[in-house]
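Undergrad: Submitted below is the structure of interest, expressed as structure tokens.
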């Protein structure tokens, strides 16, 4: 069967170009998270069990990068830049709890939202098989992040709940600044020399509305799960 779509972000470009944009943004996120996870995994305040799981996640994220790079056959595209801004944002966060929250609850939920959108929008896409495996991996990363919340409370002390809201709002603002019609049009111009697409048409497209709905639902669900587990975790008494 041929590659086709249920709905589109950019009707006026070949479907393969739209797919390239979406997969490239996911690839940028996979590249972004690797050094951030490596930094966490080197923190000796964390127990060996957590550092071991972080190392496993690092290996899986590196595999995701290799899978997506292989789909592009060595061709490289510039991202919209959210990865650089988000990376610096996470590096500037102090408590380990909030660093892990920004990665496992926010960045992973954004990745899950994008993967869910592609599976909903595309039929027989070039990344379909890889997307299914990577979706499974990312769901596992969220679960293991949830499992270590009690430990992080013992390391950082109690984190005020408004701090989680602040991280969520700041992260969402970063992605909103980059995932919009203007930046998608710029991506098409920079990487494919396509200059015939109006940013406003992308912002009003069925695909954009569906993408935002899926992403928002995913982020809220995972954020709430993370905070619920955090609030209801009892700290071990020494």
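Undergrad: Among (1) in a helix (DSSP H, G or I); (2) modelled with pLDDT of 95 or more; (3) surrounded by 13 or more Cβ atoms within 10 Å (Cβ to Cβ), there is one condition residue 10 misses while meeting the rest; what is its number?
TA: Going through (1) in a helix (DSSP H, G or I); (2) modelled with pLDDT of 95 or more; (3) surrounded by 13 or more Cβ atoms within 10 Å (Cβ to Cβ) one by one, residue 10 breaks only (1).
Undergrad: I'd like the full set of residues that are over 18 Å from residue 58 (Cβ atoms) and touching a residue at least 40 places away in the same chain (Cβ under 8 Å), limited to the stretch 69-83.
TA: Within the stretch 69-83, the first condition is being over 18 Å from residue 58 (Cβ atoms), and the residues that meet it are 70-82.
The answer is 71, 72, 77, 78, 79, 80, 81, 82.
Undergrad: Continuing with this model, one more query. Taking the stretch 94-123 as the region of interest, how many residues are touching a residue at least 24 places away in the same chain (Cβ under 8 Å) and within 21 Å of residue 155 (Cβ to Cβ)?
TA: Within the stretch 94-123, the first condition is being touching a residue at least 24 places away in the same chain (Cβ under 8 Å), and the residues that meet it are 95-118, 120-123.
Subset that is within 21 Å of residue 155 (Cβ to Cβ): 95-108.
Residues meeting the conditions: 14.
Undergrad: Right, another one. Within the stretch 39-54, track down each residue that is surrounded by 13 or more Cβ atoms within 10 Å (Cβ to Cβ) and under 22 Å from the mean Cα position of the chain (by Cα).
TA: 39, 40, 41, 50, 51, 53, 54 - these are the residues of the stretch 39-54 that are surrounded by 13 or more Cβ atoms within 10 Å (Cβ to Cβ) and under 22 Å from the mean Cα position of the chain (by Cα).
Undergrad: For the stretch 95-127, give me each residue that is outside any helix (DSSP H, G or I), surrounded by fewer than 21 Cβ atoms within 10 Å (Cβ to Cβ) and either at pLDDT below 95 or in contact with a strand residue (DSSP E or B) (Cβ under 8 Å, 6 or more places away or on another chain) (or both).
TA: 95, 123, 124
Undergrad: So, one more: Quick one: count up the residues across the stretch 57-83 that are surrounded by 14 or more Cβ atoms within 10 Å (Cβ to Cβ) and either touching a strand residue (DSSP E or B) at 6+ places or on another chain (Cβ under 9 Å) or in a helix (DSSP H, G or I) (or both).
TA: Applying the first criterion (surrounded by 14 or more Cβ atoms within 10 Å (Cβ to Cβ)) to the stretch 57-83 yields 57-58, 60-65, 67-69, 71-72, 77, 79-83.
Cutting the leftovers down to either touching a strand residue (DSSP E or B) at 6+ places or on another chain (Cβ under 9 Å) or in a helix (DSSP H, G or I) (or both) gives us 57-58, 60-65, 67-69, 71, 82-83.
So the count comes out to 14.
Undergrad: Are any of the residues in the stretch 140-149 under 13 Å from the mean Cα position of the chain (by Cα), assigned to a helix (DSSP H, G or I) and either touching a residue at least 24 places away in the same chain (Cβ under 8 Å) or crowded, with 20+ Cβ neighbours inside 10 Å (or both)?
TA: First pass over the stretch 140-149, keeping only residues under 13 Å from the mean Cα position of the chain (by Cα): 141-142.
When the remaining residues are screened for being assigned to a helix (DSSP H, G or I), the result is 141-142.
Still in the running and either touching a residue at least 24 places away in the same chain (Cβ under 8 Å) or crowded, with 20+ Cβ neighbours inside 10 Å (or both): 141-142.
Yes: the stretch 140-149 contains one or more residues that are under 13 Å from the mean Cα position of the chain (by Cα), assigned to a helix (DSSP H, G or I) and either touching a residue at least 24 places away in the same chain (Cβ under 8 Å) or crowded, with 20+ Cβ neighbours inside 10 Å (or both).
Undergrad: With respect to residue 54, determine if the residue is touching a helix residue (DSSP H, G or I) at 6+ places or on another chain (Cβ under 6 Å) and not in a helix (DSSP H, G or I). Steps first, answer last, please.
TA: Working: touching a helix residue (DSSP H, G or I) at 6+ places or on another chain (Cβ under 6 Å): yes; not in a helix (DSSP H, G or I): no.
Answer is no for this residue.
Undergrad: With the checklist (1) over 22 Å from the mean Cα position of the chain (by Cα); (2) closer than 28 Å to residue 58 by Cα; (3) part of a helix (DSSP H, G or I) in hand, flag the one item residue 132 doesn't pass.
TA: Of everything listed in (1) over 22 Å from the mean Cα position of the chain (by Cα); (2) closer than 28 Å to residue 58 by Cα; (3) part of a helix (DSSP H, G or I), residue 132 misses just condition (1).
To keep it simple, each residue is scored yes or no on (1) within 17 Å of residue 158 (Cα to Cα); (2) touching a residue at least 24 places away in the same chain (Cβ under 8 Å); (3) outside any helix (DSSP H, G or I).
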site: 191; (1), (2), (3): no, yes, no
site: 196; (1), (2), (3): no, yes, yes
site: 201; (1), (2), (3): no, yes, no
site: 207; (1), (2), (3): no, yes, no
site: 212; (1), (2), (3): no, no, no
site: 218; (1), (2), (3): no, yes, no
site: 221; (1), (2), (3): no, yes, no
site: 233; (1), (2), (3): yes, yes, yes
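Undergrad: Give the number of residues within the stretch 157-192 that are under 18 Å from residue 209 (Cα atoms) and over 18 Å from the mean Cα position of the chain (by Cα).
TA: Selection size over the stretch 157-192: 3.
Undergrad: Right, another one. Before we move on, is residue 4 loosely packed, with under 15 Cβ neighbours inside 10 Å, touching a helix residue (DSSP H, G or I) at 6+ places or on another chain (Cβ under 8 Å) and at pLDDT 95 or above? It would help to see each step written out before you state the result.
TA: On the way: loosely packed, with under 15 Cβ neighbours inside 10 Å: yes; touching a helix residue (DSSP H, G or I) at 6+ places or on another chain (Cβ under 8 Å): yes; at pLDDT 95 or above: yes.
Spelling it out, residue 4 is indeed loosely packed, with under 15 Cβ neighbours inside 10 Å, touching a helix residue (DSSP H, G or I) at 6+ places or on another chain (Cβ under 8 Å) and at pLDDT 95 or above.
Undergrad: Could you tell me which residue of the stretch 152-179 is modelled with the highest pLDDT, considering only residues that are surrounded by fewer than 16 Cβ atoms within 10 Å (Cβ to Cβ) and in a loop (DSSP other than H, G, I, E, B)?
TA: Ranking the candidates gives 160 first.
The values are calculated or read from the model by the stated rules, or taken from the named source; none is laboratory data. Every value quoted in this text rests on a predicted model; they were computed, and no experiment measured them. Note that we place each Cβ from the backbone using ideal geometry, even for glycine, and neighbour counts take in every protein chain shown.
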